[in-house]
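See structure below.
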Amino acid sequence: MRNSKIRRRIAAGKLRLRIRDLRNLGPRSEAMLESVGISSVEALRQRGALEAYLTLRRAGVTRSLNALWALAGALEPWPEGTAWQEVAGGDERLPLLMAVEAREKARREVMDALSESPAPARRRMERRKGGAFEAEAWAPGLPFPTDSGNSPPQKRKNRR
C-alpha cells in the first residue's frame, strides 16, 4: 500500500479496505475480530489496537501478545502499517505492555469489588458478559492463574 495512487483512492473513499488487507492481518485475524464485533477497518481504527486486543483476550479468542503487536503494526502508520516484528522489538513494546497490565489490573479490581458486592449486582454483570464468569486474566509478570474455586461448576451431561 505504499503506492501513492492507492493512498489517494483510499483518502477519496473510492477504495474500501478490508481488515485482511491491512499489514500483519489476514483472513484468520479478520474472522477473530468479526467474532467480537469488529467487522470493518473503520471500526478497528475507532476502537484502537489496545482495545481490540483486550476485547479478543476477554472473549477468549486469543491470549497471544503477537496479536497485539500485529494490531498495533497494522494501524500505525496509517495505512501502510509496520511489521509486527518491529513493533515487538521496538520502542512501542513497553508502553503497550504497561497499558495492557494497567487495564487488566483495573478490571480485576472491579471484579473483586463485584465479588464483595451483593449477589444481584454480580449476576447482572455476569449476564452482560454472556452468562459466563470470566477467569482472571494473565499478563507478563504475573503468576499463572490457578483454579482456586472461582470458576463455575462444570455442567454435567445427562447420561440417561
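Between R23 and R107, the FRET efficiency estimated from the beta carbon spacing at R0 = 41 angstrom works out to 0.90.
Suppose every K and R has +1 on its Cβ and every D and E has -1 on its Cβ; what is the size of the dipole of segment 10-128 about the Cα centre, in Debye to the nearest 20? Could you put the intermediate results ahead of the total?
Details: 21 positive and 16 negative charges, 122 e Å.
Rounded to the nearest 20 debye, it is 580 debye.
Computed from the coordinates by the stated procedures, all read-outs in this text should not be read as laboratory data. Everything quoted here is computed from the prediction, not taken from an experiment. Here the Cβ is made from the backbone with ideal geometry for all residues, glycine too, and neighbour counts use every protein chain on show.
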